[in-house]
Amino acid sequence: MLKLLRLAYHPFLIFTGFFFIKMILLGRMLYGTYWNPGFIINNVAGIAVLFILLEFLPKKTKWTLYILLDAILTTAFFAIVIYSNYFENVPTYHDLSSISQIPSVSSNLGLLIHPQEFLLYFDFIILIILMLFHFFLRTKITSVKRYSRKWLSVGLAGLLAFNIGSYFYHRTDQVLNSAVYAKTAGLINLQFNQLHTERAVQAMAKKGSFNLTQDKIFQIKHLKRVPSDQHPYFGIAKGRNLIVIQMESLQNMIIGKSINGQEITPNLNKLLKESFYFNNVYQQIGSGNTSDAEFLMNTSLYPVGNNPTSETYGNRVIPSLARLLKDNGYQAVTLHVDDIHYWNRDELYPALGFDKHYDKSYFGEEDKVGLGASDDVLYTKGVDALEALKTSSNKPFYADFVTLSAHTPFQIPKDKQTLSLPKKYQGTFFGNYLEAQHYADAALGRFFDLLKEKGLWDKSMIVIYGDHSGVHGKLMQKQDQQLVGDFLKHPYTLLDRFNIPFIIAIPGVTHAKIFENAGGQIDMMPTVINLLGINDQNMVLFGQDLTEYKDNLFGMRYYLTAGAYFTQHTFYIPDSERTHLVIYNRLTHQMIAPKDQKAYEDKSREMLKLLELSDQYMARLPYRK
Ligand code: GP9
Ligand code: MN
């Protein structure tokens, strides 16, 4: 027995054993179950390669390197857990390398880490005990039997063969959802397959001709394309300035609602009396969150999903709303109070063809709310910028405002909390969300007044939408689920979560009108250009004008498994790491047990085809000079 123990007392076996336990714990943290054999074995096999390599090194440095490598790997796994607590997905190497740069993670760090997650560092306690033990017994911790080089080489070859075999075995599986993929193939295979997929998309773009037309896109959606100038409302905002306001974390469920007799969004509610209101529109962002929403609004193309689109395609010339409007005599600027480097916006904005951007260096940090200057500062200094544009040129402008104050964790300064919440909401995540949105709406109201004062209101078309949900993830406690359910008068579903408002006001022209047809962020640009009277003839747009088409097919990846789709009647979610296949009747929110599952699967495949075409189209875009 003692002999056996002595044989097992070897750093390679000890550290590999530690990581075996860690992978069991990590699986529980990511997937809710301890025993995920594919995840555990593939991860441990990958890590064991690194450990066995250490065995070839001189004895002295070995233990130090083992401990160092252990610390680095454990911290990487810890970061994966934090990331997954917010995004409900596992990161690829792009996200992991810039995790501290991800605003949603950095601003919520305290709330995203739970004490039990420090269990991943359990082995450091054991290592300290072992060191003390050796110190007091005056034996050297390194005095273990060395494996011979021959056996080490055999071990290394075996491990490499296993890892390479496993990689090729899993390579044919498409990464439709990172977390689902990693659950069976492991996190290391995920990284390699992600790299392989990205390379394959780019390599395919170098081959053969590719002629994508809107007719082809409509054909896949089973819709009959109608020329733009035959759409209703074509050109009703012709020649107007375009003011787009992308609202941080604004969900449709709070529009028109009151709490304690107080409207949550009184200014938006008032605006609806003179607006087109699209109340069945859904977010479609990928891991680039806010910046993906900006990308969707400005391109009508699909975000790449597993990576922020701004990182993958920031170096290209992307056909966009700004470019189209500039061709039609506009000047185009974008405004956001955060540092331009977040989400790689210093690349994204030139890629989207904006003439100018205004960021933290222009807005400063005055009246700080959460991550930056308040929405009030964004609007007041923003209007100054617009006035300067007007004096320097008589061209109409397109101004893309991106708000920030209502960002998670929704902690608004006391003097800005003007919503009097019932006791049970106070201090809760959902209560804070309502407060933050109430402030964002009040600032928006002041912006409207300013636009009126400056004579810009009647000369503009105002477009407002939410970038993505705010009420989701592990920041939501059980009581928040309950509170949202009470607020909605039905249990909170993914349909509620992903539903964002889309509002278009053309003061003096539009009247209160609700469009109930389903749409996504991808449909915003086609709808906007139709109202501005700009023909979309020569563009490749994956979305459609929501004032014209009644049915639709659009999807989402990253937050859901790719292949997930919405139509007028259906919301289809393929298997994911947390749910099995779910099909909702989109209109009633009821889950349906489909009699003919095949029809749904066929649509899902059509959705995947649209994603593939969008990827191929983007991979072929020219590089920026
Ligand atoms: C970051 C800000 C917030 O600059 O726009 O981004 P989010 O965390 O919502 O993606
Ligand atoms: Mn956001």
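Just a few scattered comments:
- Spacing of the two label points (7 Å from each Cα toward its C-beta) at residue 621 and residue 568, in nm: 3.1
- Once the Cα-Cα distance is subtracted from the 0.36 nm per residue extended length, the residue 589 to residue 414 segment shows a gain of 59.3 nm.
- Pairs from 206/326; 206/625; 216/603; 183/474; 270/368 whose Cα-Cα separation, in the structure shown, is over 25 Å: 206/326; 270/368
- Karplus 3J(HN,Hα) series, Hz, for the range 427-439 with 6.51 cos²θ - 1.76 cosθ + 1.60 (x for Gly, Pro): x, 8, 4, 5, x, 4, 4, 5, 4, 4, 5, 5, 5
- When the solvent-accessible area of the range 2-204 is split by element, carbon and sulfur atoms take up 75 percent of it, the probe being 1.4 Å.
- Placing pseudo-labels 7 Å out from each Cα toward the beta carbon at residue 458 and residue 204 gives an inter-label distance of 5.3 nm.
- Net lengthening on full extension, residue 388/residue 161 (0.36 nm per residue, minus Cα-Cα): 75.3 nm
- Residues whose amide H falls under 5 Å from that of residue 570, counting only those 5 or more places apart or on a different chain, are 586, with hydrogens built in the peptide plane.
- Between the range 200-223 and the range 39-100, the alpha-carbon center distance in angstrom: 39
- Ellipticity at 222 nm from helices only: DSSP H runs of n ≥ 4 in the chain, each -39500 (n - 2.57), divided by the residue count, give -14500 deg cm²/dmol.
- Based on the reciprocal of the average 1/r between different C-alpha atoms, the Kirkwood radius for the range 492-625 equals 16.7 Å.
- Amide H contacts of residue 466 (H built 1.01 Å from N, in plane; Pro and chain starts excluded): 247 sit under 5 Å, all sequence-distant by 5 or more or on other chains.
- The residue 148 and residue 597 beta-carbon pair, evaluated with R₀ = 41 Å, returns a calculated FRET efficiency of approximately 0.10.
- Between 0 and 90°, nearest 10: helix 59-87 axis offset from the chain longest Cα axis: 30
- Under-5 Å amide H pairs with residue 358, H placed in peptide plane, nonlocal only: 334, 335, 336
- Protection proxy ranking for 53-63, 395-405, 334-344, using the average of other Cβ atoms within 10 Å per residue and placing the highest first: 395-405, 334-344, 53-63.
- Derived scalar couplings ³J(HN,Hα) [the range 325-341; Karplus, 6.51 cos²θ - 1.76 cosθ + 1.60; whole Hz; x for Gly, Pro]: 5, 4, 5, 9, x, 9, 10, 10, 10, 9, 9, 8, 6, 6, 5, 4, 6
- Alpha carbon centroid spacing (whole Å) that separates the range 418-475 from the range 375-406: 18
- In the chain, the longest principal axis of the Cα atoms and the axis of helix 122-136 are about 30 degrees apart.
- Karplus-derived HN-Hα couplings along the range 377-390 (A = 6.51, B = -1.76, C = 1.60, θ = phi - 60°), whole Hz, x at Gly and Pro: 5, 3, 6, 5, 5, x, 5, 4, 4, 5, 5, 5, 4, 5
- Placing a label point 7 Å from the Cα of residue 131 along the Cα-to-Cβ direction, the residues of the range 45-70 whose backbone N falls under 18 Å from that point are 60-70.
- Accessible surface, the range 380-469, averaged per residue in Å² (probe 1.4 Å): 36
- Here the spin labels are modelled as points 7 Å beyond Cα on the Cα-Cβ line, and at residue 488 and residue 426 they lie 2.7 nm apart.
- With 0.36 nm allotted per residue and the present C-alpha distance subtracted, the residue 69-residue 478 stretch has 143.5 nm of extension available.
The values are calculated or read from the model by the stated rules, or taken from the named source; none is laboratory data. Being a predicted model, the structure only gives us computed values, none of them experimental. Cβ atoms come from the backbone with ideal geometry, glycine included; neighbour counts cover every protein chain shown. These area figures cover heavy atoms from the full protein model, side chains too; ligands, DNA and RNA do not enter into them. Shrake-Rupley method; radii C 1.70, N 1.55, O 1.52, S 1.80 Å.
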